[in-house]
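Trainee: This is the structure I want to talk about, given as structure tokens.
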Amino acid sequence: MAAAGSAVGLGNIWGFPTQAASNGGAAFLLIYLLLAFTLAYPALMAELIIGRHAHANAVNALRLISPGRLMQRIGVGTGLVGLVVASFILSFYSIIAGWMLAYTLASIAELAGLDALVAWLRDFSLGRNLLFMLIFLALTVGIISEGVKEGIERWSSRLMPMLLISLVLLVIYVLTLDGAMAGLRVYLLPDFERALEPGLIINALGSAFFSLSLGVGTMLIYGSYISDRENLPLVGGLVTLVDICIAVTAGFLVLPAMYVALHNGVEIFTASGALISEDTLIFTVLPALFDSMGIAGIVVSLVFFFLMSIAALTSSISMLEVPVAYTIEQHNVGRKPAVVVIGLIIAAVSALILLNFDSLFGLVVTATTRYSQPLLGFMFCIFAGWVWHRDNLLQELRRGYPEVEQGWFWKIWPWYVRVVCPVIILAIFAQSLT
């Protein structure tokens, strides 16, 4: 549940629907599903298997499975880059999550008739953004300070079911509104020519890796916490399915809601047909939709943004665990001091992004999620497929799945992660650069 909580977050409910809306709806959905199953799941399995074998952070794990000093140095470098990328992801993630908290409180303030407070909470001001970024990071630090079982696992197992139930109820409600069917057609009827565009494919690849928290060592760390008795291919498959289901379900909410808003007179497209806003899509379209629904809209807004805050929190605690686990294991620092110091450093980076929002926010999002994560995932595939000895890999899988050699997973995955995944990831990047 904790691993699923990590995978399910703003990448599913903010990132995926936004990318789908910007890239042709159903065409993006089709490529996303294809890449999630053919590339993201094998890469997820590479992280989980390496993590459980090493029972350590990404830096130590890649060093442990590497023969020779050169490969050990490359492994350490890969782990450290993943740590830095995870920290940068959390730095922009906490900003977006702060917006979620602000809009949640705005709905409560609106129910209480506090119009001035509502206006301040919804205004894109530096003061509001800084305050709620800090509040969200404080929540993340508080949970992760309690450790894996009492903090991460305990809260993920509570928050995940709430997230799923709320999301399904909202989808059912939005689909009953006028204009929703137009959004549903955009989401489900693909333009196959659009699906072959290099830009769409690279965005779908980044979205698949971002939504599954891949490439930065997050899933490797969760692998290190998994019992030797667990069937890893099954665990990885369940995490992938939960993640994809919630992303696709969020699409059923956001895209129909866009067209409900359009039906109600809210401008969502420019004259050229492009979205007016990508990164802040759900903060422009959905509040306008909720405002048009009267009192019911305020309640729905409260539920939706509370749900988004939950999704953000289950993922942020896992991202902070990446640098925290490294600091604890490598430098023998206590958990609470490590969490507080790293949390303060990430807060400083977030503040720097907010102070230079127009130039830094989009750059950090693109550099980390669309490029760094898939390339780091490529490296994990190389280590699992080429560097780690095949017999040791098989022995690790046998711990929780003694008959693994007779199953389809062992017949396909080793050569697939060794050859197919790296080739496809590189081919997609090469195509995107031409």
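The values are calculated or read from the model by the stated rules, or taken from the named source; none is laboratory data. Keep in mind that what you see is a predicted model, and the values were worked out from it rather than measured. Here Cβ is always computed from backbone atoms with ideal geometry, including for glycine, and neighbour counts include all displayed protein chains.
Trainee: Within the stretch 268-288, identify whether any single residue is in contact with an Asp or Glu (Cβ under 9 Å, 6 or more places away or on another chain), at pLDDT 80 or above and among the hydrophobic types (A, V, I, L, M, F, W, C), and answer yes or no.
Mentor: Looking for residues that are in contact with an Asp or Glu (Cβ under 9 Å, 6 or more places away or on another chain), at pLDDT 80 or above and among the hydrophobic types (A, V, I, L, M, F, W, C), one finds none in the stretch 268-288, hence no.
Trainee: Taking Pro414, is it surrounded by fewer than 21 Cβ atoms within 10 Å (Cβ to Cβ), in a helix (DSSP H, G or I) and touching a Gly at 6+ places or on another chain (Cβ under 9 Å)?
Mentor: yes
Trainee: Then there's this: Conditions first: (1) in contact with a Leu (Cβ under 6 Å, 6 or more places away or on another chain); (2) at pLDDT 90 or above. Ala138 passes all but one, so which condition is the exception?
Mentor: (1)
Trainee: Any residue at all in the stretch 411-434 that is modelled with pLDDT under 90 and more than 25 Å from the chain's Cα centre (by Cα)?
Mentor: Looking through the stretch 411-434, at least one residue is modelled with pLDDT under 90 and more than 25 Å from the chain's Cα centre (by Cα).
Trainee: What is the one condition in (1) free of Cβ contacts under 8 Å to residues at least 60 places away in the same chain; (2) within 15 Å of Leu30 (Cα to Cα) that Leu184 does not satisfy?
Mentor: Going through (1) free of Cβ contacts under 8 Å to residues at least 60 places away in the same chain; (2) within 15 Å of Leu30 (Cα to Cα) one by one, Leu184 breaks only (1).
Trainee: Okay, next question. Of everything in the stretch 389-408 that's over 17 Å from Arg229 (Cβ atoms), touching a residue at least 60 places away in the same chain (Cβ under 8 Å) and in a helix (DSSP H, G or I), which residue is nearest to the chain's Cα centre (by Cα)?
Mentor: This residue is Leu393.
Trainee: Restricting the first residue to the stretch 266-282 and requiring it to be closer than 23 Å to Arg122 by Cα, which pairs with a second residue that is of a type in the set (Gly, Ala, Ser) and at pLDDT below 70 meet a Cβ separation below 9 Å and a spacing of at least six or different chains?
Mentor: Going by the 9 Å Cβ cut-off, the qualifying pairs are Ile268/Ser277.
Trainee: Here's a follow-up. So which pairs qualify, if the first residue must be in the stretch 316-343 and free of Cβ contacts under 8 Å to residues at least 12 places away in the same chain and at negative phi, the second must be in a helix (DSSP H, G or I) and not hydrophobic (A, V, I, L, M, F, W, C), the Cβ gap must be under 7 Å, and the two must be at least 6 apart or on different chains?
Mentor: The qualifying pairs are Ile328/Arg335; Val333/Thr327.
Trainee: Also, I was wondering about something else. Filter the stretch 178-225 for residues that are more than 18 Å from the chain's Cα centre (by Cα) and either under 30 Å from Gly400 (Cα atoms) or at pLDDT below 80 (or both); which is surrounded by the most Cβ atoms within 10 Å (Cβ to Cβ)?
Mentor: By that ranking, first place goes to Ser224.
Trainee: When you go through Leu62, Leu70 one by one, which is the residue that is assigned to a helix (DSSP H, G or I) and in contact (Cβ under 8 Å) with a residue 24 or more places away in the chain?
Mentor: Leu62
Trainee: Among the numbered conditions (1) surrounded by 14 or more Cβ atoms within 10 Å (Cβ to Cβ); (2) over 14 Å from Leu48 (Cα atoms), tell me where Phe380 comes up short.
Mentor: Failed condition: (2).
Trainee: Could you check the stretch 340-364 and list, in sequence order, the residues that are surrounded by 16 or more Cβ atoms within 10 Å (Cβ to Cβ) and more than 23 Å from Ala138 (Cβ to Cβ)?
Mentor: None - no residue of the stretch 340-364 is surrounded by 16 or more Cβ atoms within 10 Å (Cβ to Cβ) and more than 23 Å from Ala138 (Cβ to Cβ), so the list stays empty.
Trainee: Also, quick follow-up: For residues that are touching a residue at least 24 places away in the same chain (Cβ under 8 Å) and surrounded by fewer than 24 Cβ atoms within 10 Å (Cβ to Cβ), scanning just the stretch 242-252, find the one that is nearest to Ala288 (Cα to Cα).
Mentor: Phe252
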